[in-house]
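The values are calculated or read from the model by the stated rules, or taken from the named source; none is laboratory data. On a predicted model such as this, the values are computed, not experimentally measured, just so you know. Glycine gets a Cβ as well: all are built from the backbone with ideal geometry, and neighbour counts include every protein chain shown. Please note that ligands, DNA and RNA were not included when accessible areas were found on the heavy atoms of the full protein model with its side chains. Shrake-Rupley method; radii C 1.70, N 1.55, O 1.52, S 1.80 Å.
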Amino acid sequence: MQVIRELKNFPERASIFVDANIFLHHAFGINEVSVEFLKRVENISVKAYTSVLVLEEVFFKLMLQVSSNFLERVTIKRVKSLLKDESKRSEIFRPLFEYQNFLNVLRDSGLRISEVRTSDLDTALRLSEKWGLVTADALHLAVMKRRGLTHLASDDSDFEGIEDISLWKP
């Protein structure tokens, strides 16, 4: 039986995989618990892991959010078209590069960024089918499994009920 815990109570020096929504809470300043948790990562009191897939999701959602400043309705097609405009492109990417700088600080403080391997895809498909997850979420679990991680920082309710992990929610 999975236990869902409060992220603010995550123990010092323990290891945890960080999902995209924790970074997005921080980037948008919408959840103080997530913001404080990432400060703990920066202060090296938590051993944090994530993956390139998580960070791609963070940057993609940041791009969509910034693009919404220029678009009445955000669609992938409209964002792609907007990115063709050189002056707007630099405005769109400025906040992304700023957030990358923050992630570099976290990386320098010990955030470990894992790659996604071909073997992770095999594991993810099995986990996706077993737990009814979208493949991206199952890939996060596959990377966690490969890295020997059992703690997950996420506000995604799709991870509730997954055996063998402890879900820490903000």
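Between helix 32-42 and the chain there is an angle of about 80 degrees, using the helix long axis and the longest principal axis of the Cα atoms.
For chymotrypsin sites (Phe, Trp or Tyr not before Pro), the sites in the range 23-72 that DSSP calls loop and that have at most 15 other Cβ atoms within 10 Å are Phe70.
Over the chain, what is the relative contact order in whole percent, taking alpha-carbon pairs under 8 Å and six or more residues apart? Mind dumping the intermediate values first?
Numbers: 229 pairs, mean separation 61.5, N = 170.
This gives 36 percent for the chain.
For the chain, the solvent-accessible area works out to 55 Å² per residue, with a probe of 1.4 Å and every protein chain left in place.
Just flag the GluC sites (Glu not before Pro) in the range 1-87 sitting in loop per DSSP whose Cβ has no more than 13 other Cβ atoms within 10 Å.
Details: sites: Glu6, Glu12, Glu32, Glu36, Glu42, Glu56, Glu57, Glu72, Glu86; in loops: Glu12, Glu72.
Those that pass, being in a loop and sparsely packed, are Glu12, Glu72.
Considering helices alone, the calculated mean residue ellipticity of the chain at 222 nm is -17500 deg cm²/dmol, with DSSP H runs of length four and up weighted by -39500 (n - 2.57) and normalised per residue.
Residues Asp155, Asp122, Asp19, ordered by accessible area of protein heavy atoms at a 1.4 angstrom probe radius and largest first, appear as Asp122, Asp155, Asp19. Sorted largest first by accessible area at a 1.4 angstrom probe radius, with every protein chain in place, the residues Leu125, Leu55 fall in the order Leu125, Leu55. Among the listed values (i) 16.3; (ii) 18.8; (iii) 16.9, the one matching Kirkwood radius over Cα pairs in Å as calculated from this structure is (iii). Computed over the range 1-66, relative contact order equals 39 percent, with contacts defined as Cα pairs under 8 Å that lie 6+ residues apart. 3J(HN,Hα) along the range 88-94, derived from phi through the Karplus expression 6.51 cos²θ - 1.76 cosθ + 1.60 where θ = phi - 60°, amounts to 6, 4, 5, 5, 5, 7, 3 Hz, with x in place of Gly and Pro. For the range 86-147, the relative contact order is 25 percent, taking Cα pairs closer than 8 Å that sit 6 or more residues apart in sequence and dividing their mean separation by the residue count.
Taking the Cα centre of the range 81-149 as origin and assigning +1 to Lys and Arg Cβ atoms and -1 to Asp and Glu Cβ atoms, the resulting dipole is close to 220 debye. The long axis of helix 135-147 is offset from the longest Cα principal axis of the chain by roughly 50 degrees. Extension gain for Asp85 to Thr135 (0.36 nm times residue separation, less C-alpha to C-alpha distance): 14.7 nm. Structure note, pairs Lys130/Lys169; Lys61/Lys84; Lys61/Lys130; Lys39/Lys145; Lys61/Lys145; Lys47/Lys169: Cα-Cα distances above 20 angstrom occur for Lys130/Lys169; Lys61/Lys130; Lys39/Lys145; Lys61/Lys145. The charge dipole of the chain, taken about its Cα centre with unit charges on the Cβ atoms of Lys, Arg (+1), Asp and Glu (-1) only, comes to about 340 debye. Residues whose amide H falls under 5 Å from that of Ser166, counting only those 5 or more places apart or on a different chain, are His151, Leu152, with hydrogens built in the peptide plane. Estimated at the nearest 10 Å², the accessible area of Arg126 is 150 Å² with a 1.4 Å probe.
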